[in-house]
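The values are calculated or read from the model by the stated rules, or taken from the named source; none is laboratory data. Predicted model, so just to flag it, every value in this text is computed and none were measured. Every residue, glycine as well, gets a Cβ built from its backbone with ideal geometry; the counts of neighbours run over all protein chains shown. Each accessible area value is taken on the protein alone, full model and side chains, heavy atoms only, with ligands, DNA and RNA left out. Shrake-Rupley method; radii C 1.70, N 1.55, O 1.52, S 1.80 Å.
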Amino acid sequence: MRPLTIRHFPLNLNFEAAATLDDPSFNYQNLARNHRLLIMGKEETPQITRRATRHSSANVSKNETETKASDQPLPPTLNDLFLGEKEKPISLDNVVSSFPGRRVQIIEVMRILGPVNCPMVPLFVYGDSSTGKTSITNQIFRHLNRPFVYSSCLTCYSPRILFESVLNQLLFHRKNAANGYSSAKRCEKPSDFVNLLREALVSVTSSLQGNSDKSSSKKLCRRACGNMIYLIFDNLELVREWDKSSTILPFLFNLHDILKMPEVGLIFISNTSPDTYYTSMGYLEPATVYFPDYTEDDLRQILLLKQENKKLYSSFLDVVLKSFFRITRRVDELSTSFSQLFRKYCEPLNDLGVVPNEEMKRRLFSTLQPHIAPAMNEIFKVSSQTSTEGGATKHKSSSKKSSLEVSDQLDLHMSTSAKYLLISAFLASRNPATLDASLFDSTGGSDNRKRKRKPSEKSLDLKESAEQELMMKGPGTFPLERLLAIFQCITSVAEGSFEEEEQENDGIGVQTGDDSLMSDVLLQLSSLCNANFIVKGGSCPLEGSTRYRSTVSEDMVLKVARSVKFPLSKYLYRR
């Protein structure tokens, strides 16, 4: 009788509902109840069966779980030791083209790293700030697809933080709120760090070896390139400011001998030369690669890399690069300053894709010229006189004064003996010591009329390769004896200048005897060291004497040489 009753109200049933009447699992009681509620004028949501409620609640909880899981970062894995897990490996040509003027350094670093699974001596990469040391090292490891652990002494400002940073990466541990932002292992002593580091390195190298043996996974075979692991310590010069630097620095340099693991490579990156780290404790001397300052052409190529309209930006660099190059060669500082000036340079243009002609270049220069000197004063703190008269002529003269400020100060505040001592230090740092006999003699020149035996081609090749290797290491160190010898040779050419200075200084000069010569040179050397023109390094463990290194650029020494009319190019070795 129930089906007859239901069929009295087909008005609210659609075709799908009618089709369910033949289904034996259809709930007739709910359908009748809903019909009574509609007749009474009450709208109410139909009741969901118990089975449907369980299914929907399960879906909701599952979606919430997936959302929470997606918000949380994935735990670190072995692939995190490779640079750019999701990035494609780059070729060597791309690495070289990304860093103009650094082809020699890139090839040298790759030569020291060697082929896959090749043990290496510790590598020491050094140069001034913003010369591409860290960026090039990272891109080389991206090209080689080799795992490494990177720790910077700038962010890791104590031995404990440095040790724990290395261990966290090797143990695949990431600090978060779940673990209370704590490290995987607490490590304060170097002895504890060695034990924990050896255990972590053995685990990582075995994992790398296992992944390299698996031929089924192509991704792992491509990533796990051998079983070598590299430890990179950046900004090493900051360790000298730590309280325990006298023990931490020798410990880091001796880490290769302490671990005795050929699967581990050590790379140190520093802004100072290796001689500043000499200690009385012996250690394996690392292979050094020097990154010199960028030249003006190198900076031009670097700044043009990411520009869309290279011809327009090149015309802009023709105006500003030479002036700023005299003050700084750091890419980051130049990029910050040029980004603001380039917007001023392009203000008269409606189309940034235009190729400027000579008339347009002159118009753009007249727009930019009032902003050049203020930008130099604001960013690089170059003092310049201010005046309300003169307009564009004033800005031009102020920029010229700022560019010649260094040479003016040298003429006012450096004596003649100090200038020659600075030139001597520069020649001792840049020239190989083996060339001193051929460059200098008792008369101060290189005219040696003695008959010499013609060297063989093999000896010339060996000498040239040794000299090129010294040039790759950058400005070298020298003892005090070599500095005095070069100073004695080059000052013999300028006896007239010293006699004039001697008369002005009431007999205090280098021509009044050996004692006054030594006292004056040591006094001037101390002054140059205090001015950071010459850096005093540590004592060499083999020689036992203090070594020095010149830090001035070639442009500055050329200005000093011109002021005393000294032919610097005649005594400077060039490849």
Practice prompt. Output the Cα-based Rg and Dmax of the range 226-329 in Å, rounding Rg to one decimal and Dmax to a whole number.
Written response: 20.2, 56
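Using unit Cβ charges (K, R positive; D, E negative) and no other charged atoms, how large, in debye to the nearest 20, is the dipole of the range 100-195 about its Cα centre?
With Lys and Arg at +1 and Asp and Glu at -1, about 200 debye.
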Item to complete: Compute the accessible area per residue over the range 296-379, keeping the other protein chains in place, probe 1.4 Å, unit Å².
Response: 57 Å²
Item to complete: Go through the range 132-137 residue by residue and turn each phi into a ³J(HN,Hα) via Karplus (6.51, -1.76, 1.60, θ = phi - 60°); whole Hz please, and just put x for glycine and proline.
Response: x, 5, 5, 4, 5, 4
Response to the item:
Toy charge model, Lys and Arg Cβ at +1, Asp and Glu Cβ at -1: the range 296-379 dipole around Cα centroid in debye, rounded to 20, equals 60 debye
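For a quick check of your reading of the filter: which chymotrypsin sites (Phe, Trp or Tyr not before Pro) in the range 70-171 sit in a DSSP loop and have no more than 12 other Cβ atoms within 10 Å?
none
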Worksheet item: Give me the Kirkwood hydrodynamic radius of the range 88-211 in Å, from all C-alpha pairs, to one decimal place?
Response: 16.7 Å
Worksheet, complete the sentence: Given a Förster distance of 22 Å, the FRET efficiency implied by the Cβ-Cβ spacing of T134 and S526, rounded to the nearest 0.05, works out to 0.05
Worksheet item: Given the convex hull over the Cα atoms of the range 296-379, what projected area results after averaging over all orientations, in nm²?
Response: 5.1 nm²
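Quick one: work out Rg over Rh on the C-alpha atoms of the range 303-343, Rh as Kirkwood radius.
My calculation puts Rg/Rh at 0.93.
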Worksheet item: Which percent of the accessible heavy-atom area of the range 296-379 goes to carbon and sulfur, probe 1.4 angstrom?
Response: 47 percent
Item to complete: Return the carbon/sulfur percentage of the accessible area of the range 71-164, one whole number, probe 1.4 Å, all protein chains in place.
Response: 56 percent
Practice prompt. Step through the table entries K260/K536; K322/K344; K361/K565; K244/K419; K133/K311; K311/K344, compare each Cα-Cα distance with 27 Å, and write down the pairs that go over it.
Written response: K260/K536; K361/K565; K244/K419; K133/K311
Practice prompt. Write down, largest first, the equivalent ellipsoid semi-axes of the range 149-209 in whole Å, where each equals the square root of 5 times an eigenvalue of the alpha-carbon gyration tensor.
Written response: 18, 15, 11
